Every structure is written in structure tokens, then in C-alpha cells.
Amino acid sequence: MSIPADFRRVLEAGDPDWTPGLSPRMYLLYGDHLKNQLHGYTVDEFQKVVAQINALPRGSANKKKLSRLIIGQSIRLDVDKDGRTVMPIKQRQKLGLTDGELTFSGLGDHFEIWKAETFAAEVSEDLSGWLDEQEDGFDPLILLDE
């Protein structure tokens, strides 16, 4: 899998051990809750999530579930100097990917990775339908005021 250049810069900035000449690292989350997508996190962002999980009360059901779902269903990957990383077979199978294109969608603290056709069918169509329901001149940024 080839990580787009803009995403690589974010991965470099979010890896506390990265320096020019080294490969940045990332975390790939493939938990069952993600259905037809994977999530990519910088090292820093993933460590924040892990810290929040670890701060939950010892032995609590939520801590156990989140630990298994998030920490237990993620892997660390190294990204080479050309922005490539090897997506393990289990994660490729989750996306139904044997060949074809991926779509990367940045969402602030993480990015989504989709099989391109699935992204178009599930996300693009959903957003288009929602936008069609809005009034003319609708500005989605007004949702920030709520």
C-alpha cells in the first residue's frame, strides 16, 4: 500500500522517533467495529487513545472491551522512504482487496482506508444524499455552531 505524500508528512510529524532519513511508523487499526474500512493513526495519536483506555478502571468491562477491540486489533507498520508499507493479508481480506485502488480519507486525528469502490458506494453516496436534502446555499460549517 502506498501512503499519499500528505499523509506521510503527518505520519512523520506524529512519530516522536522519526528524523529525516528514517522511516515513519504508523498504527493500522482493523477492529471488528470498522466494518469495511481500516483506520490509520500516527504514533502520537494512537498512544493518546491507548492512554485513555489504560486510564479506565482496572478490570472494568469497558477497559477490557476497548483493549481487545482497539489495542488488540491494531498493528504497527513501518513506512519506507517511498511511502509504501505492506498491508498484512488479514487486513487486505477485511477490505476485500486483492487488487485495485484504495481511498484515503483524512479525519483529523486519524485517516480512513477504504477499497475505492466501497468508499464511493458507502461514503460518497451517503454524503451526496445528505447534501441533496439540505436547502440551497447550505453551509455545512454552521453545524459547528450547534
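A few points about this structure:
- Any chance Gln93 is over 14 Å from Arg25 (Cβ atoms), open to solvent by 30 Å² or more (accessible area, probe 1.4 Å) and among the polar types (S, T, N, Q): yes
- Within the range 13-29, considering residues that are assigned to a loop (DSSP other than H, G, I, E, B) and out of contact with any strand residue (DSSP E or B) (no Cβ under 7 Å at 6 or more places or on another chain), the one surrounded by the most Cβ atoms within 10 Å (Cβ to Cβ): Pro24
- Residues in the range 118-144 that are within 30 Å of Arg92 (Cα to Cα) and among the charged types (D, E, K, R): Glu122, Glu125, Asp126.
- Selection count where residues are over 20 Å from Ile89 (Cβ atoms) and surrounded by fewer than 20 Cβ atoms within 10 Å (Cβ to Cβ), scope the range 30-44: 3
- Restricting the range 50-80 to residues that are crowded, with 19+ Cβ neighbours inside 10 Å and of a type in the set (A, V, I, L, M) leaves a set whose member that is nearest to Arg8 (Cα to Cα) is Val79.
- Residue check for Trp114: under 23 Å from Phe7 (Cβ atoms) and either modelled with pLDDT of 90 or more or among the basic types (Lys, Arg) (or both): yes
- Subset tally (residues that are farther than 22 Å from Met26 by Cα and not aliphatic (A, V, I, L, M)) for the range 105-142: 18
- Among the residues of the range 30-58, the one identified as within 20 Å of Pro4 (Cβ to Cβ), among the aliphatic types (A, V, I, L, M) and modelled with pLDDT of 95 or more is Val43.
The values are calculated or read from the model by the stated rules, or taken from the named source; none is laboratory data. Everything quoted here is computed from the prediction, not taken from an experiment. For neighbour counting, all protein chains shown are included, and Cβ atoms are generated from backbone atoms with ideal geometry for every residue, glycine included. Only protein heavy atoms, including side chains, enter the accessible area calculation; ligands, DNA and RNA are left aside. Shrake-Rupley method; radii C 1.70, N 1.55, O 1.52, S 1.80 Å.
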